[in-house]
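Asks: Handing you a structure now.
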Amino acid sequence: MMCRIRAFEDAAEEASRGGVAAFGQQAVGQAQVRGPLHLSTGQEAVAAGVCRHLRPNDYLTSTHRGHGHTLAKGADLERMMHELFGKATGFCGGRGGSMHIADFSVGMLGANGVVAAGIPIALGAAQSIKIRRVDAIAVTFFGDGAINRGPFAESLNWAAAFNLPILFVCEDNQWSATTKTGTMSAGQGAAARARSFGIEAEVVDGNDVGAVSETARGMIADIRAGKGPRLLHARTYRFKGHVSVDPAIYRDPKELEAALKSDPLLVTAAQLRAHGVAPTEIDAVLQAARTEVARAVETAGQAPWPAASDAFSQIQDTGAGQWL
Amino acid sequence: MAVMNYAAAAATSLGDAMRRDSAVVALGEDVGRGGIFGQYRGLQEAFGSERVIDTPISEATIMGAAVGMALTGLKPVIELRVIDFALCAMDEIINQAAKNRYMFGGQSHVPAVIRMPIGIWSASAAQHSQSLESWFTHVPGLVVVAPATPQDNYGLLQAALQCGDPVAYFEHKELWALDGEVDPGQPVPLGKAALRRSGDDLTIISWSKAVHWSLDAAEILARDGIEAEVIDLRTLWPWDREAVFASAAKTGRVLVAHEAIQVAGFGAEIAATLAEQTDARVARLGGPRAPVGYAPVLEAETRVTPSRIAAKARELLAR
């Protein structure tokens, strides 16, 4: 899964060159992936380690940096790429793009363009699970920047007060857009804040998929057993800029250099080699993922655009949009 | 058929819906005790605290959680207490509830009724007295409703729950005690205005509490032989163009009167549409662009009243 996410992000990044005017760059108009593209390159172990313990009927909400979570929850990679290309065959028929990627058929209730906005939505899904007496849980991924928004604090309180089946996952890539999160955040971080509401929380190395998986497994088992909400704080690092065209010149190159040494794919490969897996076998997994993604890019390029009239469909049943 | 007040009509309507459909739930502050205006009275006793949910004072999360509930098979009725407090939940209403279905290409629906009581309510001052319904008419994805009578509060709440879209539902805080006959078997469709009084000389278009002031204004005008037609819009989006255009064609003069501030109020939309598409002469009357003050003299100075509506009508007739 980590290889598929890496391959997807790399291909999306490639297709997005010249796709948005920001960070001193101009859009050229021919990019296949347009607009803000938030890549989770380097953060793959968090999505993979958590989602491997989820079932199709568990619910998930994500962030603007949500490709990895969506893939890990089981969404079809090809339809995701089609959505990034804005095509009719994408998950949202070209209406959403990268920031609104979703696959409700696998319980993925949407990425979100607003920081922390997915948290209360997952909370409501968890309450709905309880009301409808369904055997499932809800999981919400959010970033380190999101813990400074009100809905995070409100949702921790609410989840504890109602003892809801929800896992909060703080995917801490250390950067709030172009600002270092540590300089903007008081206290000891997401786990400490959760504990202050009586929620059990743990901090893990988010680049070690084994550690993420092991901690998530235990927490999810507790949640399924009715023991209430849990918070997992996974420390990782954002390899790319805030969006794909952001060269991230505001950060010390040495910081990235150091982070690249603990690339979750390298960490995993080393662990696998230590367990006797042949390097060629490991390479083959990444190669297969890149082949799968290349095929998706190819079909996305050929897929049809949405009809112009789709601008006015799927808005509402009563009083839908129109030119007046 | 029974006589009940506007608050009881809402509670009865929601109770009837909850009995019919186990997916309907209500959540918000103090709903378990019946809501601060009695509009949820008896519901937690009847349906339990799992379906009539008392929540923390967390407006953003009340609304956000309701979106999560709606996406996973429930039909939440959200109590935001007063429109002024709903401002704490604007991201969740505008970016999440209203946009969800479109953004995700129709994979999802957000059936939800968002109750945000409006209006000046004696001595409640600047943060408990606003009428911000026009903001919501601007947002694709939302249906906007403002009932003026107990019958309409019963019937429009039913229609709002059945329509499947997120509905911005504006009850008026000074109408809770208004008594009226309620026939649960009489449906009130969304998007249909009600003719409250017939007349040939001019049309007054209104909604919510201002309908009652408009009817009082029509009485004042009638003393001078001026016959005003009064139309209660009931649904602001989609609004009943057919009824408004038909009345405009009949009287040739249309005044839109509402409690909300006149500047960029929904009256501007109706007046502009009539000016573009009909030969009618149009006028608007809304509140002044001033916060609502606490002292009686300050509050009174910002109120739209029957006499102010009647005066505006005479101005329009003289043009």
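Any read-out appearing in this document is the output of simple, stated calculations on the displayed coordinates, not a laboratory observation. Values in this document were obtained by computation on a predicted structure and should not be read as measured data. Cβ placement follows ideal geometry from the backbone for every residue including glycine, while neighbour counts extend to all protein chains displayed.
Asks: Could you tell me the center-to-center distance, by alpha carbons, between segment B:45-90 and segment B:1-19 in angstrom?
Replies: 19
Asks: Next question, about the same structure. Considering only chain A, what is the antiparallel percent among its DSSP beta bridges, to the nearest 5?
Replies: Values: 4 of 26 bridges.
Antiparallel bridges: around 15 percent, rounded to the nearest 5.
Asks: As a test of understanding, state the convex hull volume per residue of segment B:194-318 from its alpha carbons, in Å³.
Replies: Details: hull volume 12.5 nm³, N = 125.
For segment B:194-318, the hull spanned by Cα atoms encloses 100 Å³ per residue.
Asks: Once amide H atoms are placed 1.01 Å from N in the peptide plane, what residues at a sequence separation of 5 or more from B:Gln130, or on another chain, have their amide H within under 5 Å of its amide H?
Replies: B:Asp84, B:Gly119
Asks: While we're on this one: If we count other beta carbons within 10 Å of each Cβ, what is the order of A:Leu286, A:Leu265, A:Leu39, fewest first? Intermediate values should be presented prior to the final figure.
Replies: Values: A:Leu286 16, A:Leu265 20, A:Leu39 25.
With the fewest neighbours first, A:Leu286, A:Leu265, A:Leu39 line up as A:Leu286, A:Leu265, A:Leu39.
Asks: Once R0 is set to 45 Å, what does the formula 1/(1 + (r/R0)^6) return for the Cβ-Cβ distance between A:Glu202 and B:Gln162, expressed as a FRET efficiency to the nearest 0.05? Don't skip to the answer; put the middle values down first.
Replies: Numbers: r = 45 Å, r/R0 = 1.01.
My answer for the efficiency is 0.50.
Asks: Lysine pairs in chain B with alpha-carbon atoms under 29 Å apart, 8 or more places apart or on different chains: how many are there?
Replies: Lysine pair count for chain B: 15.
Asks: Sort B:Ile204, A:Ile315, A:Ile147, B:Ile231 so that the residue with the fewest other Cβ atoms within 10 Å of its own Cβ comes first and the one with the most comes last. Intermediate results must be reported in sequence, preceding the final value.
Replies: Values: B:Ile204 34, A:Ile315 20, A:Ile147 28, B:Ile231 25.
The fewest-first ordering by Cβ neighbours comes to A:Ile315, B:Ile231, A:Ile147, B:Ile204.
Asks: To continue, here is another question. With chain A treated as a Gaussian network of Cα nodes joined by springs under 10 Å, which of A:Asp208, A:Asp135, A:Asp144 yields the largest mean-square fluctuation?
Replies: Among A:Asp208, A:Asp135, A:Asp144, the largest mean-square fluctuation in the Gaussian network model of chain A belongs to A:Asp135.
Asks: Can I ask one more? In 10 Å bins starting at zero, report the fraction of Cα pairs in segment A:46-97 per bin as a rounded %.
Replies: In whole percents, the pair-distance histogram is 26, 51, 22, 1.
Asks: What is the local net charge at A:Ala274, summed over the other residues whose Cβ is closer than 15 Å to its Cβ (Lys, Arg +1; Asp, Glu -1)? Walk me through the numbers before you get to the answer.
Replies: Values: positive: A:Arg273; negative: A:Asp208, A:Glu281.
My count for the surroundings of A:Ala274 gives -1.
Asks: Which of the peptides B:287-294, A:154-161 is most tightly packed, and how do the rest follow, judged by the mean count of other Cβ atoms within 10 Å per residue?
Replies: On the way: B:287-294: 15.1, A:154-161: 23.8.
Highest to lowest by the protection proxy: A:154-161, B:287-294.
Asks: Another question about this same structure. Quick check on packing: order B:97-107, B:24-34, B:120-130 by the mean number of other C-beta atoms within 10 Å, highest mean leading.
Replies: B:97-107, B:24-34, B:120-130
Asks: Can you give the relative contact order of segment B:2-182 as a percent, counting alpha carbon pairs under 8 Å and 6+ residues apart?
Replies: Working: 372 pairs, mean separation 49.4, N = 181.
Across segment B:2-182, relative contact order equals 27 percent.
Asks: Let me check against my output: what whole-number percent is the relative contact order of segment B:194-318, with C-alpha pairs under 8 Å and at least 6 apart? Display every interim value, and only then the final one.
Replies: Details: 227 pairs, mean separation 34.6, N = 125.
The normalised contact order for segment B:194-318 reaches 28 percent.
Asks: Return the sequence-ordered ³J(HN,Hα) values of segment B:118-124 in whole Hz as given by the Karplus equation 6.51 cos²θ - 1.76 cosθ + 1.60 applied to θ = phi - 60°, using x for Gly and Pro.
Replies: 10, x, 5, 9, 2, 6, 9
Asks: Expressed as a rounded percentage, what relative contact order does chain B have, with Cα pairs under 8 Å and six or more residues apart?
Replies: Details: 718 pairs, mean separation 51.2, N = 319.
Reported relative contact order: 16 percent.
Asks: What does the structure give for A:128-137 when I average, per residue, the other chain Cβ atoms found within 10 Å of the residue Cβ? List each step's numbers first, then the result.
Replies: Details: counts 12, 4, 1, 11, 7, 1, 2, 0, 1, 0.
Across A:128-137, the average partner-chain Cβ count within 10 Å equals 4.
Asks: Could you tell me the largest-minus-smallest coordinate of the C-alpha atoms of the protein assembly as shown on each of the three principal axes, in descending order and whole angstroms?
Replies: So the extents along the principal axes, rounded to whole Å, are 98, 55, 43.
Asks: Roughly how tilted is helix B:59-71, in degrees to the nearest 10 and between 0 and 90, from the longest Cα axis of chain B?
Replies: Approximately 70 degrees, to the nearest 10.
Asks: When chain A is treated as a GNM, springs tying every alpha-carbon pair under 10 Å, which of A:Pro165, A:Pro279, A:Pro36 comes out with the largest mean-square fluctuation?
Replies: Result: A:Pro279 has the largest fluctuation of those listed.
Asks: Rounded to whole Å and sorted largest first, what semi-axes of the equivalent ellipsoid does the C-alpha gyration tensor of segment B:87-149 yield via the square root of 5 times each eigenvalue? Mind showing how you got there, number by number?
Replies: Numbers: eigenvalues 147, 30, 16 Å².
With the √(5λ) rule applied to segment B:87-149, the semi-axes are 27, 12, 9 Å.
Asks: Give me A:Met80, B:Met63 ranked fewest to most by other Cβ atoms within 10 Å of their Cβ, as a rough exposure proxy.
Replies: Numbers: A:Met80 24, B:Met63 30.
Exposure proxy ranking, most exposed first: A:Met80, B:Met63.
Asks: Still on this model: How many Cβ atoms of partner chains, on average, are near each residue of B:103-114 if near means within 10 Å of its Cβ? Show your work: numbers first, answer last.
Replies: Working: counts 13, 16, 16, 8, 12, 6, 3, 1, 1, 0, 0, 0.
Whole-number average of other-chain Cβ neighbours for B:103-114 is 6.
Asks: Using 1/(1 + (r/R0)^6) with R0 = 30 angstrom and r between the beta carbons of B:Asp224 and B:Ala249, what's the FRET efficiency to the nearest 0.05?
Replies: So, using R0 = 30 Å, E works out to roughly 0.80.
Asks: Something else: Give the average, rounded to an integer, of partner chain Cβ atoms located within 10 angstrom of each Cβ in A:92-100. Mind showing how you got there, number by number?
Replies: On the way: counts 7, 5, 1, 7, 6, 1, 0, 1, 6.
Counting Cβ atoms of other protein chains within 10 Å of each residue's Cβ and averaging gives 4.
Asks: Cβ under 13 Å from A:Gly198's Cβ, A:Gly198 left aside: what net charge do those residues give with Lys, Arg +1 and Asp, Glu -1?
Replies: Working: positive: A:Arg193, A:Arg195, A:Lys227, A:Arg230; negative: A:Glu200.
Net local charge, A:Gly198 excluded: +3.
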